[in-house]
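Colleague: Following this message is one structure expressed as structure tokens.
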Amino acid sequence: MSAPGPRTRMDDVTVERVLRVVEAIPPGRVAAYGEVGQIVGVGPRLVGRILRTWGAGVPWWRVTNSYGDHPLLARALPHWEREGIVVKPNGRGCRMSGFGADLDQLRERARPGLSELDPS
């Protein structure tokens with residue numbers, strides 16, 4: 001039997017899992033849509049759809065594309081300035097090498113919230 005593929009449905013549990021991982025991104029750090037998706041088991045586009053629809057209550061400004069570019073940079077900037085995230089010279093986002101979250105640490109930070117959602 002093969003391992004299950006990434007979830008592609010936007011069910012309530014998937015939505016909550018994405019939001020909990022985003023909540024676990026530390027201030028001053030960012031994670032790419034694909035990195036959040038990797039932890040949850042979904043694709044980056046689904047992470048983006050979930051944040052667009054239900055992300056207002058979580059630190060959405062900490063999620064970027066894989067280059068550190070943010071689609072809503074003008075709205076994210078006040079948050080970034082408060083958290084010390086510096087915009088890279090091209091003006092599109094931040095350097096992932098300087099502000100990207102450590103994925104192992106992010107998994108650990110997200111684990112308690114995600115384990116509450118796992119059926120036992």
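Colleague: Does I39 satisfy being part of a helix (DSSP H, G or I) and touching a strand residue (DSSP E or B) at 6+ places or on another chain (Cβ under 9 Å)?
Modeller: yes
Colleague: What is the residue count in region 17-37 for residues that are buried (at least 19 other Cβ atoms within 10 Å of the Cβ) and in contact (Cβ under 8 Å) with a residue 60 or more places away in the chain?
Modeller: Selection size over region 17-37: 10.
Colleague: Tell me, which helices (runs of 4 or more DSSP H) wholly within region 52-117 include 1 or more residues that are touching an Asp or Glu at 6+ places or on another chain (Cβ under 7 Å) and not β-branched (V, I, T)?
Modeller: Counting at least 1 such residues, we get 103-115.
Colleague: Quickly run through region 72-110 and pick out the residues that are within 22 Å of G41 (Cβ to Cβ) and either of a type in the set (G, A, S) or at pLDDT below 95 (or both).
Modeller: Correct list: G100, A101, A110.
Colleague: Identify all residues within region 110-120 that are surrounded by fewer than 16 Cβ atoms within 10 Å (Cβ to Cβ) and within 18 Å of the chain's Cα centre (by Cα); write none if there are none.
Modeller: R111, P112, G113, S115, L117
Colleague: Within the group G91, G98, which residue is surrounded by fewer than 17 Cβ atoms within 10 Å (Cβ to Cβ), more than 15 Å from the chain's Cα centre (by Cα), at positive phi and of a type in the set (G, A, S)?
Modeller: Step by step, each of G91, G98 is checked, and only G91 is surrounded by fewer than 17 Cβ atoms within 10 Å (Cβ to Cβ), more than 15 Å from the chain's Cα centre (by Cα), at positive phi and of a type in the set (G, A, S).
Colleague: In the set D12, D69, which member is closer than 23 Å to R107 by Cβ and either at pLDDT 95 or above or of a type in the set (D, E) (or both)?
Modeller: Result: D12 is the single residue among D12, D69 that is closer than 23 Å to R107 by Cβ and either at pLDDT 95 or above or of a type in the set (D, E) (or both).
Colleague: Kindly indicate whether R107 is touching a residue at least 40 places away in the same chain (Cβ under 8 Å), surrounded by fewer than 21 Cβ atoms within 10 Å (Cβ to Cβ) and closer than 29 Å to D118 by Cβ.
Modeller: Considered against the rule, which asks whether it is touching a residue at least 40 places away in the same chain (Cβ under 8 Å), surrounded by fewer than 21 Cβ atoms within 10 Å (Cβ to Cβ) and closer than 29 Å to D118 by Cβ, R107 comes out as yes.
The values are calculated or read from the model by the stated rules, or taken from the named source; none is laboratory data. None of these values were measured; they are calculated from a predicted model. Cβ: placed from backbone, ideal geometry, glycine included. Neighbour counts: every protein chain shown.
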